[in-house]
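The numbers here are math on the coordinates, done by the rules we state, and not lab data. These numbers come from a predicted model, not from an experiment. Backbone-built Cβ (ideal geometry, glycine too); neighbour counts: all protein chains shown.
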Amino acid sequence: MSAEEKTLTARNLRVEFGLPGGRVARAVDGVDLDVAPGEIVALAGESGCGKTTLARTLLGLERATGGTVAFDGVPLRYSTRALKAYRRQVQLVLQDPTGALNPRHTVYDAVAEGLRIHKIHDDEPGRVAEALSLAGLRPPEQFFLAYPHELSGGQRQRVVIAGALVLQPSLLVADEPVASLDASVRGEILSLLLRLKEEQGLGALVITHDLGLAWSIADRIAIMYLGRIVEQGPVERVLTAPRHPYTRALVSVLPAAPAVKAAVAEPIVLAGELPDASRIPGGCRFRPRCQEVASGNAASVLHQCTGEDLKVLGPEAKPHLVACHLDRNLHEGARMAG
Amino acid sequence: MTATNTLSPRALRWARRRQSLTRSWAAYRSQKTGMWGLVLLGAIVVLAIAAPVLVDESALSVTQATGGRMAPPSAAYPLGTDETGRSILALTLWGSRLSLVIGLTATVVAIVIGTAVGITSGHIGGWYGWIALRLSDWFMVLPSLVVAIALLAVLGRSMATTITVIALVSWPGTTRLVRAQTLTVQSRPYLERAKALGAGHWHQMTKHLLPNVLPLVLASATLLVPSAILMESSLAWLGLGDPGVVSWGSILNRASENGAVSAHAWWYLLPPGLAILLVVLAFMMCGRALEAVFNPRLRGES
Amino acid sequence: MLLEFKDLRVAYRGSRGRLPAVRGVDLTVDAGGTMGIAGESGCGKSTLAMAVLRLLPKSAEVSGEILLDGEDLLQMGWGRLRAVRWTGASIVFQGAMHSLNAVQRIGRQIAEPILVHEATTTPAAAARRAEALLERVGLPAARARSYPHELSGGQRQRVMIAMALACDPDLVIADEATTALDVMVQAQVLQLISSLVTERGVGLMMISHDLSVLSAVCDRAAVMYAGRIVEQGPAHEVFADARHPYSAALSAAFPVIGDPAARMNPGGLAGDPPDPVRLPEGCSFRPRCAVAVDRCGGESPELLAVPVRGSAGGAAEAPRVSACFVAQEGMPVVR
């Protein structure tokens with residue numbers, strides 16, 4: 001399989017919204033990201049960092065104002081027909097399964113909806129049953145006539161996933177797929193995503209604010225801050241040896257194993273909150289909240305932090321990428337010394 | 001998957017519809033006023049349909065009238081007679097047919113226009129939505145009787161014109177209601193899901209928006225029928241109805257024109273008036289009950 | 001002893017009959033102590049919180065005792081209860097947006113309980129105290145003139161905490177107070193709560209579905225399932241070394257980053273929490289339990305002390321109790 005095949009790629013993707021008062025919110029401000037079949041990529045960040053806008057843009061629900069989204073090497077076009085064909089390949093799983101299901105539609109109708117939209121009429125009940133049992137609702141026939149309100153939260157999310165699977169997509173984009181579910185049910189839904197990856201070769205982009213979720217199921221992780229990815233790479237490396245100050249702060253406030261605690265000693269609680277996407281600071285966008293700047297550790301590169309915007313990370317030549325002047329400086333220094 | 005072979009999608013759909021219908025009916029049945037309204041309405045409809053059997057059409061003919069001029073109720077004429085000697089009972093019975101037909105037809109036309117404009121303007125939005133909204137606003141603020149009189153003067157007095165006029169002035173209310181509900185449903189994540197599945201506008205409007213606004217539309221329609229009947233009566237009372245047919249409004253119109261009020265001929269005025277009242281009441285009772293059944297907020301569900 | 005529940009039972013009367021929400025809870029919170037209550041929606045943890053301030057709906061039937069400083073809250077008259085709310089115990093709710101008045105400046109909203117409960121305080125003094133409280137929770141005093149919609153979610157949660165502290169209560173109840181917040185803002189609010197607890201010596205009863213949050217803030221934690229406490233002990237031990245299969249599953253839902261056992265293994269429990277009207281026979285957790293034994297189907301386990309494994313690092317200072325036959329025999333509760 002070539003690297004391009006069935007891969008969802010974003011290159012220098014930008015999405016801007018006009019705000020009242022003539023300001024412009026740069027929700028997604030230059031993102032490179034690849035999601036291939038058979039891998040789960042976690043996109044993590046705080047609310048307001050642009051991760052949901054990025055997901056919607058990857059699905060063609062939002063138009064990019066710059067850069068490209070491509071699938072299988074073909075750039076996404078926004079004609080009705082092109083979008084429809086694209087959506088057989090890349091499917092969405094929403095956060096709140098209760099809202100994602102029409103209360104007046106039975107489970108059967110909810111799952112068959114995709115088939116009807118794409119005019120796939122042969123063996124509809126068989127396909128619906130298969131998708132339901134793939135999503136772990138067995139025996140499927142027992143759920144056909146149920147209404148969403150008769151199901152538990154976990155079962156509803158399974159129905160939503162079955163509705164996506166029925167079109168046999170190669171990728172799923174899941175926006176906080178377990179955030180609205182009860183704690184004990186979450187693991188089951190995540191196990192399902194993991195099983196689908198292993199058994200069906202399904203790829204997934206999982207949008208989450210929960211780094212623990214990434215640790216549970218993701219192969220790679222991208223940390224997003226204010227419209228841009230600040231660090232990405234294999235989960236083991238990014239989460240156990242985080243290099244960007246923001247990732248380090250995020251990891252430090254979570255329960256972590258002793259090995260990780262050794263790397264990130266004290267909890268670093270950042271002051272303040274995520275700035276508005278219409279007021280992205282110049283230079284390094286994380287600088288105003290950066291603990292390294294505050295502590296003076298970054299004094300040697302401070303002129304870069306204040307004056308020089310960082311390059312968009314990727315496409316992945318190196319497995320572990322970090323958008324930080326200080327980190328680059330340290331690494332270059334280490335290389336020269338070595 | 002052997003078990004699925006016995007369940008075709010169509011059978012499933014019907015099973016589901018039956019299920020939801022049974023549930024709605026059970027909810028409706030628990031509404032006492034709604035049940036009384038339904039009984040009353042049923043009785044009125046039965047009488048309207050059975051009118052030709054109960055009273056021969058010849059009873060409406062002025063030339064074949066046998067009773068006295070504005071005679072009070074008697075054994076032969078239980079509700080008295082009009083100025084030409086026709087039985088008021090016969091007139092009222094026959095009048096119900098026209099009142100109901102006009103009321104229902106005008107409502108259906110208004111609902112269809114209102115729903116179509118409401119859903120499309122809410123869903124598509126943009127300049128189309130803006131124009132549709134302004135248009136419905138414009139129709140809403142027009143004084144309906146003045147428009148009706150002007151239109152009738154241009155188009156001539158006939159049943160079709162009356163229906164058109166009533167429909168024309170009543171659709172904006174439905175549009176408003178449907179648009180508001182469309183916008184609410186529009187923001188639900190399941191529309192986002194449908195879009196992500198590849199659904200076009202038509203699919204979204206027919207499969208998600210329409211089924212969600214329809215119950216409310218149905219409930220509002222039952223409240224629209226009485227207002228259409230009242231409007232028809234007003235127009236006919238003003239002498240703007242179809243002169244060739246008998247409706248409750250036209251009976252009242254003739255009564256007032258022929259001095260029934262000064263003659264204290266209560267039997268001439270009361271039956272059509274009470275009939276209008278009863279029909280309006282019956283529809284209102286049903287409509288309120290339907291609203292309670294279909295509007296989840298009134299039912300206390302989220 | 002600041003707060004004590006004695007065999008508290010709460011049931012809601014509804015269209016489906018009596019729904020038991022809390023089924024016999026015994027729990028104590030020491031003065032200045034921090035107690036975490038964990039569990040998922042419907043386990044009765046919020047009912048427990050509401051019962052303390054008698055905020056339950058009319059359809060609730062309550063029995064048992066809730067002693068605040070030795071005084072039974074359930075027997076109090078309305079006048080006494082009003083005094084106890086805010087000054088004795090106050091509550092921080094989850095949805096700060098809905099709990100704040102949208103058309104009133106937040107300074108006034110914080111000052112309001114002070115004016116109501118302390119007749120001698122002048123409005124100006126109350127306003128000054130509101131500003132001091134805002135500064136204490138990390139907001140500039142000038143924010144007193146803001147309306148709730150001008151604040152972010154984290155700032156609103158800080159305002160809620162300031163309001164809860166307005167009358168110097170002995171006990172603060174935080175009901176999912178950080179659930180809707182982002183990781184970093186949650187860390188900020190948790191840090192604030194922890195420092196306030198130490199500084200002012202108030203007792204804290206913190207309710208959350210996230211055991212990791214409780215283990216970070218609380219000394220002790222109790223895990224509730226289907227209206228009962230199934231495990232209680234030092235919070236970090238309950239989180240790191242659960243002695244009830246349900247607590248183990250709750251912990252696994254919030255994995256420890258860097259823990260190889262959690263990598264590519266999201267865990268999770270089969271099935272759903274039980275319907276309160278049709279609770280299973282025996283242990284109510286049995287249908288979802290991976291380590292259930294024959295005995296679990298027949299009798300309901302009591303909350304009893306469990307043997308502390310030697311490896312846990314010396315003798316535990318507080319006893320650990322679990323309502324699980326398997327744990328009571330010293331067997332592992334995770335497969």
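Here are the numbers for this structure:
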quantity: For a label point 7 Å along the Cα-to-beta-carbon line of C:E118, residues of segment C:151-187 with backbone N under 13 Å; calculated: C:165-169
quantity: Antiparallel %, DSSP beta bridges [both residues in chain A], to 5; calculated: 55 percent
quantity: Relative contact order for chain B, counting Cα pairs under 8 Å that sit 6 or more residues apart, in percent; calculated: 26 percent
quantity: With 5 Å bins from 0: P(r) over segment A:104-171, alpha-carbon pairs, percent; calculated: 4, 21, 34, 26, 12, 4, 0
quantity: The protein assembly as shown - convex hull of the alpha-carbon atoms, volume per residue in Å³; calculated: 239 Å³
quantity: Taking only Cα atoms of chain C, radius of gyration then Dmax in Å; calculated: 20.7, 67
quantity: DSSP beta bridges in segment C:144-257 [antiparallel fraction, %, rounded to 5]; calculated: 55 percent
quantity: Translational diffusion of chain B, µm² s⁻¹ [Kirkwood Rh, Cα pairs; Stokes-Einstein; 25 °C; 0.890 mPa s]; calculated: 113 µm²/s
quantity: Coil-residue chymotrypsin sites (Phe, Trp or Tyr not before Pro) of segment A:1-91, DSSP, other Cβ within 10 Å capped at 16; calculated: A:Y78
quantity: Computed label-point distance, nm, for sites C:R82 and B:T33 using a 7 Å Cα→Cβ extension; calculated: 3.7 nm
quantity: Taking chain C and dividing mean pair separation by its residue count, relative contact order in percent (alpha carbons under 8 Å, at least six apart); calculated: 19 percent
quantity: Pairs of alpha carbons in segment A:240-312 whose separation is greater than 19 Å (percent); calculated: 40 percent
quantity: 15 Å cut-off, amide nitrogen to a point 7 angstrom out along A:A294 Cα→Cβ, residues in segment C:192-208; calculated: C:192
quantity: Kirkwood Rh and Cα Rg combined as Rg over Rh, evaluated for segment B:1-146; calculated: 1.19
quantity: Alpha carbon Rg of chain A, scaled by the compact-globule rule 2.2 N^0.38 Å; calculated: 1.05
quantity: Hydrodynamic radius of segment B:143-302 per Kirkwood, over alpha carbon pairs, in Å; calculated: 18.4 Å
quantity: Inter-centroid distance (Cα atoms) of segment A:157-223 relative to segment C:45-68, Å; calculated: 38 Å
quantity: Set of aspartates and glutamates with alpha-carbon distance to C:K6 below 17 Å, sequence-local pairs under 8 removed; calculated: C:D26, C:D30, C:E61, C:E65, C:D69, C:E71, C:D72, C:E231, C:E302
quantity: Using alpha-carbon coordinates, inclination of helix B:248-257 to the longest axis of chain B, degrees; calculated: 30 degrees
quantity: Segment A:88-131: Cα Rg divided by the 2.2 N^0.38 Å rule of thumb; calculated: 1.20
quantity: Separation of alpha-carbon centers, segment B:161-196 and segment A:284-338, rounded to whole Å; calculated: 54 Å
quantity: Contour excess over end-to-end distance, with Cα ends at B:A76 and B:S61 and 0.36 nm allotted per residue; calculated: 3.7 nm
quantity: Rounded if a/c under 1.5, otherwise prolate or oblate - segment C:107-205, Cα gyration tensor axes; calculated: oblate
quantity: For segment B:139-236, diffusion coefficient by Stokes-Einstein and Kirkwood Rh (Cα), 10 °C, 1.306 mPa s, µm²/s; calculated: 102 µm²/s
quantity: Angle between chain C longest axis and helix C:78-87 axis [Cα atoms, degrees, rounded to 10]; calculated: 90 degrees
quantity: Amide H partners (placed H, <5 Å) of C:Y225, local residues excluded; calculated: C:V230
quantity: Equivalent ellipsoid, segment C:231-335 (semi-axes from 5 times Cα gyration tensor eigenvalues, Å); calculated: 23, 19, 11
quantity: Estimated FRET transfer efficiency when R0 is 60 angstrom, pair B:W138-C:R295 (beta carbons, to 0.05); calculated: 0.20
quantity: Principal axes of segment A:115-220: Cα extent on each, largest first, Å; calculated: 41, 30, 22
quantity: Added length on full extension, which subtracts the Cα-Cα distance from 0.36 nm per residue, B:V108 to B:W14; calculated: 31.3 nm
quantity: Estimated 222 nm signal from helices in chain C, with DSSP H stretches of n ≥ 4 weighted -39500 (n - 2.57), rounded to 500; calculated: -9500 deg cm²/dmol
quantity: Square roots of 5 times each gyration tensor eigenvalue, C-alpha, segment A:226-281, largest first, Å; calculated: 23, 14, 7
quantity: Segment C:252-293: Rg to Rh, with Rh as the Kirkwood radius over Cα pairs; calculated: 1.11
quantity: Inter-label distance, nm, simple model (7 Å from Cα along the C-beta direction), A:S79/C:T198; calculated: 6.6 nm
quantity: Mean ellipticity per residue at 222 nm, deg cm²/dmol - from DSSP H runs of n ≥ 4 across chain A, formula -39500 (n - 2.57); calculated: -10500 deg cm²/dmol
quantity: Residue pairs, from the table A:K6/A:K311; A:K6/B:K195; A:K6/A:K84; A:K119/B:K195; A:K6/B:K207; A:K261/A:K318, whose Cα atoms sit over 23 Å apart; calculated: A:K6/A:K311; A:K6/B:K207; A:K261/A:K318
quantity: Size descriptor, Kirkwood hydrodynamic radius, that averages inverse alpha-carbon separations across segment A:171-249, Å; calculated: 13.3 Å
quantity: Angle in degrees between helix A:325-337 and the longest Cα principal axis of chain A, rounded to the nearest 10; calculated: 70 degrees
quantity: Charge sum, other residues only, whose C-beta stays under 13 Å from B:V117's C-beta, Lys/Arg counted +1 and Asp/Glu -1; calculated: +2
quantity: Three-way shape call for segment C:49-115 based on the alpha-carbon gyration tensor, with the a/c threshold at 1.5; calculated: prolate
quantity: DSSP bridge orientation in the protein assembly as shown - percent antiparallel, rounded to nearest 5; calculated: 60 percent
quantity: For segment B:143-182, convex hull volume per residue from C-alpha positions, Å³; calculated: 58 Å³
quantity: Pairwise FRET efficiency - A:E266 versus A:V24, Cβ, R0 = 41 Å, nearest 0.05; calculated: 0.60
quantity: Candidates A:G296, A:G314, A:G154, ranked by Gaussian network fluctuation over chain A, Cα under 10 Å, top entry; calculated: A:G296
quantity: Expected 222 nm ellipticity per residue - DSSP helices of 4 or more, -39500 (n - 2.57), all of chain B, to 500; calculated: -24500 deg cm²/dmol
quantity: Dimensionless Rg ratio for segment A:210-338, taking C-alpha atoms and the 2.2 N^0.38 Å reference; calculated: 1.03
